[in-house]
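Please read the structure below before turning to the comments.
The values are calculated or read from the model by the stated rules, or taken from the named source; none is laboratory data. Since the structure is predicted, the reported quantities are computational estimates derived from the model, not experimental observations. Here the Cβ positions follow ideal geometry from the backbone for every residue, glycine too, while neighbour counts run over all protein chains shown.
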Amino acid sequence: MSKQSILVLDFGGQYNQLIARRVRECNVYCEVKPYTMSLEDIKAFDPMGIIFTGGPNSVYDEKSPQVDPAIFELGVPVLGICYGCQLIAHNLGGRVTAATDDSAREYGKTETYYNTDCRLFKGLPKQGVSWMSHGDYMEKVPEGFDLVAHSDACPNVAICDEKRGFYGVQFHPEVNHTEHGTDMIRNFLYEVCGAKGEWTMGDYCKTAIAQIREKVGSGKVLLALSGGVDSSVAAALLAEAVGSQLTCVFVDHGLMRKNEGDEVEAAFSKWDLNFVRVDAEARFLEKLAGVVEPESKRKIIGEEFIRVFEEEAKKIGRVDFLVQGTIYPDVIESGAGDAAVIKSHHNVGGLPDYVDFKEIIEPLRMLFKDEVRQLGRELGLPEYLVMRQPFPGPGLAIRIIGDITKEKADILRDADAIYREEIANAGLDKSINQYFAVLTNTRSVGVMGDGRTYDYTLALRAVTTSDFMTADWARIPYDVLDRVSVRIVNEVPNINRICYDITSKPPATIEWE
Ligand code: XMP
(Lines give C-alpha, C1' and ligand atoms only; values in the text may rest on other atoms or scores of the structure.)
Protein backbone atom coordinates (compact mmCIF):
# COMPACT_ATOMS: atom_id res chain seq x y z
CA MET A 1 0.00 0.00 0.00
CA SER A 2 1.40 3.40 -0.87
CA LYS A 3 2.33 5.82 1.87
CA GLN A 4 -0.18 8.18 0.24
CA SER A 5 -3.16 6.27 1.67
CA ILE A 6 -5.62 7.18 4.37
CA LEU A 7 -7.15 4.51 6.56
CA VAL A 8 -10.71 5.17 7.73
CA LEU A 9 -11.50 2.98 10.74
CA ASP A 10 -15.22 2.31 10.88
CA PHE A 11 -16.93 2.44 14.29
CA GLY A 12 -20.43 2.03 12.90
CA GLY A 13 -21.56 5.59 12.22
CA GLN A 14 -24.03 6.60 9.56
CA TYR A 15 -21.70 8.75 7.52
CA ASN A 16 -18.64 6.53 7.22
CA GLN A 17 -18.62 6.13 3.46
CA LEU A 18 -19.24 9.84 3.19
CA ILE A 19 -15.94 10.43 4.98
CA ALA A 20 -14.22 8.17 2.44
CA ARG A 21 -15.89 10.03 -0.35
CA ARG A 22 -14.70 13.40 0.99
CA VAL A 23 -11.15 12.07 1.16
CA ARG A 24 -11.41 10.92 -2.48
CA GLU A 25 -12.81 14.33 -3.40
CA CYS A 26 -9.56 15.76 -2.04
CA ASN A 27 -7.68 13.47 -4.48
CA VAL A 28 -6.34 11.17 -1.80
CA TYR A 29 -6.71 7.40 -1.81
CA CYS A 30 -8.46 5.85 1.17
CA GLU A 31 -9.98 2.64 2.37
CA VAL A 32 -12.65 2.04 5.01
CA LYS A 33 -11.85 -0.89 7.31
CA PRO A 34 -13.61 -2.23 10.40
CA TYR A 35 -12.30 -0.95 13.71
CA THR A 36 -11.28 -4.54 14.54
CA MET A 37 -8.40 -4.33 12.03
CA SER A 38 -5.33 -5.61 13.85
CA LEU A 39 -2.38 -3.38 14.64
CA GLU A 40 -0.22 -5.64 12.45
CA ASP A 41 -2.56 -5.12 9.49
CA ILE A 42 -2.65 -1.38 10.13
CA LYS A 43 1.15 -1.30 10.09
CA ALA A 44 1.17 -3.32 6.87
CA PHE A 45 -1.34 -0.89 5.34
CA ASP A 46 1.12 1.87 6.24
CA PRO A 47 -1.32 4.80 6.15
CA MET A 48 -0.16 8.39 6.12
CA GLY A 49 -3.12 9.23 8.33
CA ILE A 50 -5.99 7.50 10.12
CA ILE A 51 -9.55 8.74 10.55
CA PHE A 52 -11.75 7.29 13.29
CA THR A 53 -15.41 7.55 12.28
CA GLY A 54 -18.41 8.27 14.43
CA GLY A 55 -20.49 5.49 15.92
CA PRO A 56 -23.59 4.87 18.00
CA ASN A 57 -21.82 3.74 21.20
CA SER A 58 -20.47 5.40 24.33
CA VAL A 59 -16.72 4.98 24.76
CA TYR A 60 -17.02 4.30 28.49
CA ASP A 61 -19.30 1.28 27.96
CA GLU A 62 -17.29 -1.87 28.46
CA LYS A 63 -18.57 -3.47 25.29
CA SER A 64 -18.05 -0.43 23.08
CA PRO A 65 -15.69 -0.67 20.09
CA GLN A 66 -12.14 0.20 21.10
CA VAL A 67 -8.75 0.54 19.43
CA ASP A 68 -5.41 -0.90 20.46
CA PRO A 69 -3.88 2.07 22.31
CA ALA A 70 -0.59 1.25 20.54
CA ILE A 71 -2.19 2.87 17.47
CA PHE A 72 -1.26 6.20 19.06
CA GLU A 73 2.42 5.16 19.14
CA LEU A 74 2.70 4.57 15.39
CA GLY A 75 3.70 8.14 14.64
CA VAL A 76 0.71 8.40 12.28
CA PRO A 77 -1.65 11.42 12.53
CA VAL A 78 -5.20 10.66 13.65
CA LEU A 79 -8.44 12.56 13.10
CA GLY A 80 -11.30 11.42 15.30
CA ILE A 81 -14.84 12.37 14.34
CA CYS A 82 -17.60 12.37 17.01
CA TYR A 83 -17.26 8.90 18.60
CA GLY A 84 -13.73 8.86 17.13
CA CYS A 85 -12.94 12.10 18.96
CA GLN A 86 -14.23 10.68 22.22
CA LEU A 87 -12.12 7.59 21.64
CA ILE A 88 -8.99 9.72 21.38
CA ALA A 89 -9.91 11.59 24.57
CA HIS A 90 -10.77 8.38 26.42
CA ASN A 91 -7.54 6.64 25.42
CA LEU A 92 -5.15 9.49 26.04
CA GLY A 93 -6.22 10.50 29.53
CA GLY A 94 -9.30 12.67 29.00
CA ARG A 95 -12.77 11.95 30.34
CA VAL A 96 -15.97 11.40 28.36
CA THR A 97 -19.35 11.41 30.05
CA ALA A 98 -22.99 11.22 29.12
CA ALA A 99 -24.50 14.67 28.85
CA THR A 100 -27.01 14.80 31.67
CA ASP A 101 -28.59 18.07 30.78
CA ASP A 102 -29.84 18.98 27.34
CA SER A 103 -27.41 21.86 26.92
CA ALA A 104 -24.35 19.60 26.50
CA ARG A 105 -26.15 17.18 24.21
CA GLU A 106 -26.14 18.60 20.70
CA TYR A 107 -28.02 17.56 17.58
CA GLY A 108 -28.27 19.38 14.29
CA LYS A 109 -26.86 22.64 13.00
CA THR A 110 -24.79 24.41 15.64
CA GLU A 111 -22.96 27.72 15.47
CA THR A 112 -19.32 26.87 16.16
CA TYR A 113 -16.24 28.99 16.84
CA TYR A 114 -12.82 27.83 15.61
CA ASN A 115 -9.23 28.63 16.51
CA THR A 116 -7.73 29.07 13.07
CA ASP A 117 -4.18 28.78 14.40
CA CYS A 118 -4.86 25.05 14.55
CA ARG A 119 -3.82 23.33 11.32
CA LEU A 120 -7.22 21.66 11.00
CA PHE A 121 -8.96 25.02 10.67
CA LYS A 122 -6.17 26.89 8.89
CA GLY A 123 -7.39 29.46 6.39
CA LEU A 124 -11.06 28.99 7.30
CA PRO A 125 -13.53 31.47 8.81
CA LYS A 126 -13.43 31.69 12.62
CA GLN A 127 -17.10 30.93 12.91
CA GLY A 128 -19.62 28.77 11.07
CA VAL A 129 -22.34 26.14 11.27
CA SER A 130 -21.32 22.60 12.12
CA TRP A 131 -23.48 19.46 12.19
CA MET A 132 -23.57 17.90 15.64
CA SER A 133 -25.03 14.59 16.65
CA HIS A 134 -23.78 13.49 20.04
CA GLY A 135 -25.16 12.58 23.44
CA ASP A 136 -21.75 12.23 25.15
CA TYR A 137 -19.23 14.97 25.56
CA MET A 138 -15.60 15.45 26.58
CA GLU A 139 -15.68 16.58 30.16
CA LYS A 140 -11.90 16.62 30.51
CA VAL A 141 -9.51 17.18 27.64
CA PRO A 142 -6.46 14.87 27.61
CA GLU A 143 -3.06 16.19 28.67
CA GLY A 144 -1.08 17.81 25.88
CA PHE A 145 -4.22 18.70 23.92
CA ASP A 146 -5.55 22.18 23.22
CA LEU A 147 -9.15 23.15 22.88
CA VAL A 148 -9.58 24.55 19.39
CA ALA A 149 -13.32 24.93 18.90
CA HIS A 150 -16.38 25.58 21.02
CA SER A 151 -20.08 26.18 20.61
CA ASP A 152 -22.44 28.22 22.73
CA ALA A 153 -23.51 25.09 24.62
CA CYS A 154 -20.27 23.17 24.73
CA PRO A 155 -16.74 24.39 25.48
CA ASN A 156 -15.04 21.24 24.13
CA VAL A 157 -15.99 20.88 20.49
CA ALA A 158 -12.55 20.20 19.01
CA ILE A 159 -9.19 19.23 20.44
CA CYS A 160 -5.73 18.93 19.00
CA ASP A 161 -2.22 17.87 19.82
CA GLU A 162 -0.35 19.47 16.93
CA LYS A 163 2.95 17.85 17.89
CA ARG A 164 1.68 14.32 17.56
CA GLY A 165 -0.82 15.17 14.85
CA PHE A 166 -3.93 14.11 16.81
CA TYR A 167 -7.19 15.93 16.15
CA GLY A 168 -10.69 15.34 17.41
CA VAL A 169 -13.95 17.01 16.43
CA GLN A 170 -17.32 16.45 18.06
CA PHE A 171 -19.18 17.47 14.90
CA HIS A 172 -19.32 15.83 11.46
CA PRO A 173 -17.14 17.66 8.94
CA GLU A 174 -18.08 15.10 6.25
CA VAL A 175 -21.75 16.15 5.96
CA ASN A 176 -22.78 19.04 3.75
CA HIS A 177 -24.44 20.86 6.65
CA THR A 178 -21.02 21.58 8.18
CA GLU A 179 -19.74 24.72 6.52
CA HIS A 180 -16.17 24.21 5.24
CA GLY A 181 -16.26 20.60 6.48
CA THR A 182 -14.46 19.30 3.40
CA ASP A 183 -11.83 22.04 3.84
CA MET A 184 -11.18 20.74 7.36
CA ILE A 185 -10.70 17.23 6.02
CA ARG A 186 -8.47 18.65 3.28
CA ASN A 187 -6.40 20.44 5.93
CA PHE A 188 -5.97 17.18 7.83
CA LEU A 189 -4.86 15.43 4.66
CA TYR A 190 -2.60 18.12 3.24
CA GLU A 191 -1.42 20.20 6.22
CA VAL A 192 -1.11 17.39 8.75
CA CYS A 193 -0.56 14.15 6.81
CA GLY A 194 1.39 15.67 3.93
CA ALA A 195 -0.85 14.35 1.17
CA LYS A 196 0.25 15.19 -2.36
CA GLY A 197 -3.26 14.87 -3.81
CA GLU A 198 -2.25 12.78 -6.80
CA TRP A 199 -5.04 10.20 -6.63
CA THR A 200 -7.71 10.38 -9.33
CA MET A 201 -10.70 8.39 -10.54
CA GLY A 202 -8.34 7.12 -13.26
CA ASP A 203 -6.34 5.43 -10.48
CA TYR A 204 -9.52 3.96 -9.04
CA CYS A 205 -10.27 2.58 -12.48
CA LYS A 206 -6.80 1.01 -12.86
CA THR A 207 -6.89 -0.51 -9.38
CA ALA A 208 -10.42 -1.87 -9.90
CA ILE A 209 -9.42 -3.44 -13.24
CA ALA A 210 -6.34 -5.07 -11.68
CA GLN A 211 -8.39 -6.41 -8.74
CA ILE A 212 -11.08 -7.82 -11.04
CA ARG A 213 -8.46 -9.55 -13.22
CA GLU A 214 -6.83 -11.08 -10.19
CA LYS A 215 -10.11 -12.36 -8.78
CA VAL A 216 -11.61 -13.65 -12.02
CA GLY A 217 -8.48 -15.21 -13.51
CA SER A 218 -9.57 -17.15 -16.57
CA GLY A 219 -13.13 -17.68 -15.21
CA LYS A 220 -16.35 -16.66 -16.90
CA VAL A 221 -18.42 -13.74 -15.71
CA LEU A 222 -22.06 -12.88 -16.10
CA LEU A 223 -23.11 -9.27 -15.63
CA ALA A 224 -26.60 -8.14 -14.73
CA LEU A 225 -27.17 -5.29 -17.17
CA SER A 226 -30.20 -3.01 -16.94
CA GLY A 227 -28.99 -0.30 -19.29
CA GLY A 228 -28.90 2.20 -16.43
CA VAL A 229 -25.81 4.17 -15.45
CA ASP A 230 -24.53 1.83 -12.76
CA SER A 231 -24.72 -1.45 -14.60
CA SER A 232 -23.47 0.17 -17.82
CA VAL A 233 -20.42 1.55 -16.01
CA ALA A 234 -19.88 -1.85 -14.39
CA ALA A 235 -20.14 -3.45 -17.86
CA ALA A 236 -17.56 -1.06 -19.31
CA LEU A 237 -15.22 -1.77 -16.39
CA LEU A 238 -15.59 -5.53 -16.69
CA ALA A 239 -15.25 -5.44 -20.47
CA GLU A 240 -11.97 -3.58 -20.01
CA ALA A 241 -10.82 -6.04 -17.35
CA VAL A 242 -11.84 -9.43 -18.72
CA GLY A 243 -13.08 -8.82 -22.30
CA SER A 244 -14.63 -11.88 -23.89
CA GLN A 245 -14.92 -13.79 -20.58
CA LEU A 246 -17.85 -11.48 -19.91
CA THR A 247 -21.49 -11.96 -20.91
CA CYS A 248 -23.97 -9.17 -20.17
CA VAL A 249 -27.49 -10.35 -19.53
CA PHE A 250 -30.32 -7.87 -19.82
CA VAL A 251 -33.48 -9.22 -18.22
CA ASP A 252 -36.57 -7.52 -19.59
CA HIS A 253 -39.01 -8.07 -16.73
CA GLY A 254 -41.83 -6.30 -18.53
CA LEU A 255 -41.61 -3.40 -16.10
CA MET A 256 -39.25 -1.24 -18.10
CA ARG A 257 -40.19 2.20 -19.38
CA LYS A 258 -41.72 2.71 -22.83
CA ASN A 259 -39.52 1.24 -25.61
CA GLU A 260 -36.67 0.82 -23.13
CA GLY A 261 -36.06 -2.86 -23.77
CA ASP A 262 -35.49 -2.23 -27.48
CA GLU A 263 -33.35 0.82 -26.78
CA VAL A 264 -31.09 -1.08 -24.39
CA GLU A 265 -30.73 -3.90 -26.88
CA ALA A 266 -29.95 -1.49 -29.72
CA ALA A 267 -27.32 0.34 -27.64
CA PHE A 268 -25.53 -2.69 -26.25
CA SER A 269 -25.58 -4.94 -29.25
CA LYS A 270 -23.28 -2.32 -30.82
CA TRP A 271 -20.71 -2.78 -28.04
CA ASP A 272 -17.93 -5.27 -28.46
CA LEU A 273 -19.25 -7.69 -25.84
CA ASN A 274 -21.45 -10.74 -25.46
CA PHE A 275 -24.99 -9.41 -24.94
CA VAL A 276 -28.07 -11.50 -24.17
CA ARG A 277 -31.64 -10.17 -23.84
CA VAL A 278 -34.05 -12.35 -21.91
CA ASP A 279 -37.76 -11.71 -22.30
CA ALA A 280 -39.06 -12.56 -18.83
CA GLU A 281 -42.23 -10.46 -18.69
CA ALA A 282 -44.63 -13.36 -18.23
CA ARG A 283 -42.78 -15.02 -15.36
CA PHE A 284 -42.22 -11.75 -13.46
CA LEU A 285 -45.84 -10.65 -13.80
CA GLU A 286 -47.00 -14.06 -12.70
CA LYS A 287 -44.82 -13.99 -9.57
CA LEU A 288 -45.97 -10.45 -8.76
CA ALA A 289 -49.68 -11.02 -9.33
CA GLY A 290 -51.68 -9.79 -6.35
CA VAL A 291 -48.62 -8.66 -4.39
CA VAL A 292 -49.15 -5.26 -2.79
CA GLU A 293 -46.53 -4.85 -0.07
CA PRO A 294 -43.47 -2.93 -1.39
CA GLU A 295 -40.83 -5.00 0.38
CA SER A 296 -42.44 -8.22 -0.91
CA LYS A 297 -42.39 -6.88 -4.47
CA ARG A 298 -38.71 -6.02 -4.11
CA LYS A 299 -37.81 -9.41 -2.67
CA ILE A 300 -39.73 -11.31 -5.37
CA ILE A 301 -38.02 -9.30 -8.10
CA GLY A 302 -34.57 -9.66 -6.49
CA GLU A 303 -35.01 -13.42 -6.31
CA GLU A 304 -36.45 -13.80 -9.80
CA PHE A 305 -33.57 -11.81 -11.30
CA ILE A 306 -31.11 -14.22 -9.72
CA ARG A 307 -33.05 -17.27 -10.93
CA VAL A 308 -32.97 -15.92 -14.51
CA PHE A 309 -29.24 -15.19 -14.23
CA GLU A 310 -28.61 -18.70 -12.91
CA GLU A 311 -30.48 -20.18 -15.88
CA GLU A 312 -28.53 -18.04 -18.33
CA ALA A 313 -25.28 -18.99 -16.61
CA LYS A 314 -26.09 -22.68 -17.08
CA LYS A 315 -26.60 -22.08 -20.81
CA ILE A 316 -23.18 -20.44 -21.06
CA GLY A 317 -21.59 -23.07 -18.84
CA ARG A 318 -19.13 -22.85 -15.95
CA VAL A 319 -19.84 -19.25 -14.94
CA ASP A 320 -18.38 -18.54 -11.52
CA PHE A 321 -19.03 -14.86 -11.06
CA LEU A 322 -22.08 -12.63 -11.17
CA VAL A 323 -21.37 -8.90 -11.44
CA GLN A 324 -23.87 -6.31 -10.24
CA GLY A 325 -23.70 -2.53 -10.52
CA THR A 326 -24.62 -2.03 -6.87
CA ILE A 327 -23.64 1.40 -5.56
CA TYR A 328 -23.28 2.69 -2.03
CA PRO A 329 -26.76 4.21 -1.52
CA ASP A 330 -28.25 0.80 -2.51
CA VAL A 331 -26.15 -0.81 0.21
CA ILE A 332 -26.92 1.65 2.96
CA GLU A 333 -30.66 1.84 2.27
CA SER A 334 -30.90 -1.93 2.30
CA GLY A 335 -29.64 -1.78 5.89
CA ALA A 336 -25.86 -2.32 5.97
CA GLY A 337 -24.40 -3.24 9.36
CA ASP A 338 -26.53 -1.71 12.07
CA ALA A 339 -28.26 0.79 9.78
CA ALA A 340 -32.05 0.53 9.43
CA VAL A 341 -33.63 -1.00 6.32
CA ILE A 342 -35.24 1.79 4.33
CA LYS A 343 -36.01 -0.36 1.32
CA SER A 344 -34.45 -3.53 0.02
CA HIS A 345 -32.73 -2.60 -3.19
CA HIS A 346 -33.26 -5.48 -5.58
CA ASN A 347 -29.56 -6.16 -5.87
CA VAL A 348 -28.75 -6.08 -2.13
CA GLY A 349 -31.50 -6.65 0.44
CA GLY A 350 -33.69 -8.20 -2.26
CA LEU A 351 -31.22 -11.03 -2.96
CA PRO A 352 -32.38 -14.53 -2.08
CA ASP A 353 -30.53 -16.47 0.63
CA TYR A 354 -29.15 -18.93 -1.86
CA VAL A 355 -27.37 -17.71 -4.98
CA ASP A 356 -25.86 -20.28 -7.31
CA PHE A 357 -22.68 -18.39 -8.19
CA LYS A 358 -19.28 -18.80 -6.60
CA GLU A 359 -19.13 -15.11 -5.93
CA ILE A 360 -20.93 -11.84 -6.57
CA ILE A 361 -18.63 -9.03 -7.65
CA GLU A 362 -19.74 -5.46 -7.04
CA PRO A 363 -16.98 -3.13 -8.23
CA LEU A 364 -19.00 0.06 -7.57
CA ARG A 365 -20.23 -0.89 -4.11
CA MET A 366 -18.40 1.89 -2.31
CA LEU A 367 -19.07 4.68 -4.81
CA PHE A 368 -21.72 7.36 -4.83
CA LYS A 369 -23.73 8.09 -7.96
CA ASP A 370 -21.71 11.08 -9.10
CA GLU A 371 -18.48 9.13 -8.61
CA VAL A 372 -19.89 6.31 -10.76
CA ARG A 373 -20.57 8.86 -13.47
CA GLN A 374 -17.01 10.13 -13.20
CA LEU A 375 -15.75 6.57 -13.53
CA GLY A 376 -17.97 6.07 -16.58
CA ARG A 377 -16.36 9.08 -18.25
CA GLU A 378 -12.95 7.70 -17.35
CA LEU A 379 -13.91 4.52 -19.19
CA GLY A 380 -14.94 6.51 -22.24
CA LEU A 381 -18.72 6.08 -21.99
CA PRO A 382 -20.74 8.68 -23.90
CA GLU A 383 -22.15 11.58 -21.93
CA TYR A 384 -25.80 10.71 -22.68
CA LEU A 385 -25.31 7.33 -21.04
CA VAL A 386 -23.29 8.59 -18.08
CA MET A 387 -25.84 11.29 -17.35
CA ARG A 388 -28.95 9.10 -17.75
CA GLN A 389 -31.32 9.47 -14.86
CA PRO A 390 -31.35 6.44 -12.58
CA PHE A 391 -33.99 3.78 -13.08
CA PRO A 392 -34.41 1.28 -10.23
CA GLY A 393 -33.89 -2.41 -10.89
CA PRO A 394 -37.47 -3.34 -9.86
CA GLY A 395 -38.63 -0.83 -12.48
CA LEU A 396 -42.27 0.16 -12.69
CA ALA A 397 -43.17 -2.46 -10.08
CA ILE A 398 -42.31 0.08 -7.39
CA ARG A 399 -44.03 2.91 -9.25
CA ILE A 400 -47.35 1.10 -9.47
CA ILE A 401 -48.82 1.33 -6.01
CA GLY A 402 -50.81 -1.73 -5.03
CA ASP A 403 -51.02 -4.81 -7.19
CA ILE A 404 -49.34 -4.91 -10.56
CA THR A 405 -50.98 -5.84 -13.85
CA LYS A 406 -49.81 -5.49 -17.43
CA GLU A 407 -52.67 -3.08 -18.04
CA LYS A 408 -51.49 -0.77 -15.25
CA ALA A 409 -47.88 -1.03 -16.45
CA ASP A 410 -48.99 0.04 -19.95
CA ILE A 411 -50.94 3.03 -18.57
CA LEU A 412 -47.96 4.11 -16.51
CA ARG A 413 -45.53 3.62 -19.41
CA ASP A 414 -47.56 5.92 -21.65
CA ALA A 415 -47.99 8.61 -19.01
CA ASP A 416 -44.34 8.47 -17.95
CA ALA A 417 -43.19 8.79 -21.58
CA ILE A 418 -45.21 11.99 -22.03
CA TYR A 419 -43.87 13.42 -18.78
CA ARG A 420 -40.28 12.70 -19.75
CA GLU A 421 -40.78 14.08 -23.24
CA GLU A 422 -42.19 17.37 -21.91
CA ILE A 423 -39.41 17.74 -19.35
CA ALA A 424 -36.86 17.29 -22.12
CA ASN A 425 -38.76 19.70 -24.42
CA ALA A 426 -38.63 22.31 -21.65
CA GLY A 427 -34.85 21.80 -21.38
CA LEU A 428 -35.16 20.66 -17.77
CA ASP A 429 -33.72 17.17 -18.23
CA LYS A 430 -30.18 18.30 -17.32
CA SER A 431 -31.08 20.20 -14.17
CA ILE A 432 -33.57 17.72 -12.70
CA ASN A 433 -31.74 14.60 -11.58
CA GLN A 434 -34.64 12.16 -11.57
CA TYR A 435 -38.23 12.48 -12.76
CA PHE A 436 -40.91 9.90 -13.32
CA ALA A 437 -44.61 9.17 -12.99
CA VAL A 438 -46.21 7.00 -10.33
CA LEU A 439 -49.52 5.22 -10.82
CA THR A 440 -51.26 5.59 -7.48
CA ASN A 441 -53.84 3.09 -6.38
CA THR A 442 -56.37 5.85 -5.92
CA ARG A 443 -59.25 6.35 -8.31
CA SER A 444 -61.33 9.47 -8.30
CA VAL A 445 -64.29 10.96 -10.08
CA GLY A 446 -63.81 13.26 -13.02
CA VAL A 447 -65.78 14.64 -15.92
CA MET A 448 -64.74 14.29 -19.55
CA GLY A 449 -66.86 15.51 -22.41
CA ASP A 450 -70.29 15.23 -20.87
CA GLY A 451 -69.61 12.06 -18.99
CA ARG A 452 -68.47 10.95 -15.57
CA THR A 453 -65.13 9.19 -15.26
CA TYR A 454 -63.80 7.11 -12.39
CA ASP A 455 -60.13 6.66 -13.15
CA TYR A 456 -56.61 6.55 -11.73
CA THR A 457 -54.74 9.40 -10.14
CA LEU A 458 -51.21 9.78 -11.46
CA ALA A 459 -48.46 11.38 -9.38
CA LEU A 460 -45.52 13.18 -10.92
CA ARG A 461 -42.19 13.09 -9.10
CA ALA A 462 -39.09 15.17 -9.87
CA VAL A 463 -36.07 15.75 -7.64
CA THR A 464 -32.75 17.52 -7.58
CA THR A 465 -29.92 15.79 -5.78
CA SER A 466 -26.25 15.01 -6.18
CA ASP A 467 -25.94 11.78 -4.24
CA PHE A 468 -29.54 10.46 -4.12
CA MET A 469 -29.17 10.05 -0.35
CA THR A 470 -31.01 13.31 0.19
CA ALA A 471 -33.08 15.17 -2.40
CA ASP A 472 -35.22 18.24 -2.88
CA TRP A 473 -38.38 18.31 -4.98
CA ALA A 474 -37.82 20.16 -8.23
CA ARG A 475 -39.54 23.49 -8.79
CA ILE A 476 -40.90 22.73 -12.25
CA PRO A 477 -42.52 25.82 -13.81
CA TYR A 478 -46.33 25.70 -13.70
CA ASP A 479 -46.69 26.00 -17.47
CA VAL A 480 -44.60 22.84 -17.94
CA LEU A 481 -46.66 20.99 -15.33
CA ASP A 482 -49.76 22.22 -17.06
CA ARG A 483 -48.63 20.90 -20.46
CA VAL A 484 -47.82 17.52 -18.93
CA SER A 485 -51.15 17.34 -17.16
CA VAL A 486 -53.23 18.31 -20.18
CA ARG A 487 -51.42 15.90 -22.47
CA ILE A 488 -51.60 12.93 -20.09
CA VAL A 489 -55.32 13.19 -19.31
CA ASN A 490 -56.05 13.65 -23.01
CA GLU A 491 -53.74 11.02 -24.42
CA VAL A 492 -53.70 8.27 -21.80
CA PRO A 493 -56.96 6.46 -21.14
CA ASN A 494 -57.79 5.64 -17.52
CA ILE A 495 -56.06 8.66 -15.96
CA ASN A 496 -58.24 11.60 -15.01
CA ARG A 497 -56.25 13.34 -12.28
CA ILE A 498 -52.59 14.43 -11.89
CA CYS A 499 -50.80 15.42 -8.67
CA TYR A 500 -47.29 16.78 -8.20
CA ASP A 501 -45.25 15.37 -5.30
CA ILE A 502 -43.77 18.21 -3.23
CA THR A 503 -41.89 16.26 -0.57
CA SER A 504 -38.14 16.17 -0.14
CA LYS A 505 -36.02 13.21 0.94
CA PRO A 506 -36.07 12.91 3.91
CA PRO A 507 -38.83 12.61 5.06
CA ALA A 508 -40.04 10.96 1.83
CA THR A 509 -37.85 8.78 -0.38
CA ILE A 510 -37.42 9.41 -4.09
CA GLU A 511 -39.37 6.37 -5.23
CA TRP A 512 -42.80 5.83 -3.70
CA GLU A 513 -42.09 2.24 -2.68
P1 XMP B 1 -35.03 6.15 -2.81
O2 XMP B 1 -36.39 5.84 -3.33
O3 XMP B 1 -34.53 5.12 -1.84
O4 XMP B 1 -34.07 6.01 -4.07
O5 XMP B 1 -34.89 7.53 -2.30
C6 XMP B 1 -32.73 6.43 -4.15
C7 XMP B 1 -32.24 6.11 -5.54
O8 XMP B 1 -32.13 4.69 -5.69
C9 XMP B 1 -32.95 4.24 -6.75
N10 XMP B 1 -33.50 2.95 -6.31
C11 XMP B 1 -33.03 1.77 -6.72
N12 XMP B 1 -32.07 1.47 -7.59
N13 XMP B 1 -32.50 -0.82 -7.23
C14 XMP B 1 -31.83 0.16 -7.87
O15 XMP B 1 -30.98 -0.14 -8.71
C16 XMP B 1 -33.49 -0.61 -6.34
O17 XMP B 1 -34.08 -1.53 -5.80
C18 XMP B 1 -33.76 0.77 -6.07
N19 XMP B 1 -34.65 1.38 -5.27
C20 XMP B 1 -34.47 2.72 -5.42
C21 XMP B 1 -34.00 5.31 -6.93
O22 XMP B 1 -34.55 5.29 -8.23
C23 XMP B 1 -33.21 6.55 -6.62
O24 XMP B 1 -32.44 6.97 -7.71
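Structure notes:
- The C-beta contact set for segment 296-310 (first residue within 15 Å of Gln324 (Cβ to Cβ) and touching a residue at least 60 places away in the same chain (Cβ under 8 Å), second residue within 10 Å of the ligand (Cβ to nearest atom) and of a type in the set (D, E, K, R), distance under 8 angstrom, 6+ apart or interchain) comprises Arg298/Lys343; Arg298/Glu513.
- Within segment 369-390, residues that are closer than 11 Å to Leu237 by Cβ have Cβ atoms under 9 Å from residues that are hydroxyl-bearing (Ser, Thr, Tyr) and more than 16 Å from the ligand (Cβ to nearest atom) in these pairs: Leu375/Tyr204; Glu378/Thr200; Glu378/Tyr204, counting only partners at least 6 apart in sequence or on another chain.
- Tally, over segment 24-50, of residues that are crowded, with 20+ Cβ neighbours inside 10 Å, in contact with a helix residue (DSSP H, G or I) (Cβ under 6 Å, 6 or more places away or on another chain) and not in a loop (DSSP other than H, G, I, E, B): 1
- Of all residues in segment 491-502, one or more are within 16 Å of the ligand (Cβ to nearest atom) and in contact with a strand residue (DSSP E or B) (Cβ under 6 Å, 6 or more places away or on another chain).
- If you check Arg373, Arg388 for being under 28 Å from Lys270 (Cα atoms), outside any helix (DSSP H, G or I) and within 15 Å of the ligand (Cβ to nearest atom), only one passes: Arg388.
- The set of residues from segment 344-371 being farther than 20 Å from Leu222 by Cα and among the hydrophobic types (A, V, I, L, M, F, W, C) comprises Met366, Leu367, Phe368.
- The listed residues are Asp482, Asp455, Asp467, and the only one of them that is within 16 Å of the ligand (Cβ to nearest atom) and charged (D, E, K, R) turns out to be Asp467.
- Test: residue in segment 436-446 that is within 28 Å of Met387 (Cα to Cα), loosely packed, with under 15 Cβ neighbours inside 10 Å, hydroxyl-bearing (Ser, Thr, Tyr) and free of Cβ contacts under 8 Å to residues at least 60 places away in the same chain: no
- Of the set (1) modelled with pLDDT of 90 or more; (2) outside any loop (DSSP other than H, G, I, E, B), all apply to Phe357 but (2).
- Hits in segment 486-513 (condition: assigned to a loop (DSSP other than H, G, I, E, B) and out of contact with any Pro (no Cβ under 9 Å at 6 or more places or on another chain)): Val492, Pro493, Asn494, Asp501, Ile502, Thr503, Ser504, Pro506, Pro507, Ala508, Thr509
- Listed conditions (1) more than 14 Å from the ligand (Cβ to nearest atom); (2) modelled with pLDDT of 95 or more are all met by Ile432, apart from (1).
- From the options Asp455, Asp450, residue that is at pLDDT 95 or above, over 29 Å from Val331 (Cβ atoms) and over 33 Å from the mean Cα position of the chain (by Cα): Asp455
- Scanning segment 236-264 for residues that are touching a residue at least 60 places away in the same chain (Cβ under 8 Å), within 16 Å of the ligand (Cβ to nearest atom) and farther than 17 Å from Phe436 by Cα returns Val249, His253.
- In segment 238-289, the residues that are assigned to a loop (DSSP other than H, G, I, E, B) and either within 23 Å of His346 (Cα to Cα) or at pLDDT 95 or above (or both): His253, Gly254, Leu255, Met256, Arg257, Lys258, Asn259, Ala280, Ala289
- Filter result for the condition that a residue is more than 13 Å from the ligand (Cβ to nearest atom), buried (at least 20 other Cβ atoms within 10 Å of the Cβ) and small (Gly, Ala, Ser), over Ala417, Ala409, Ala462, Ala426: Ala409
- Within segment 465-481, if we keep just the residues that are out of contact with any helix residue (DSSP H, G or I) (no Cβ under 7 Å at 6 or more places or on another chain) and at pLDDT below 95, the residue that is farthest from Asp416 (Cα to Cα) turns out to be Thr470.
- Residue count, segment 217-235 (criterion: under 13 Å from Phe275 (Cβ atoms) and assigned to a helix (DSSP H, G or I)): 3
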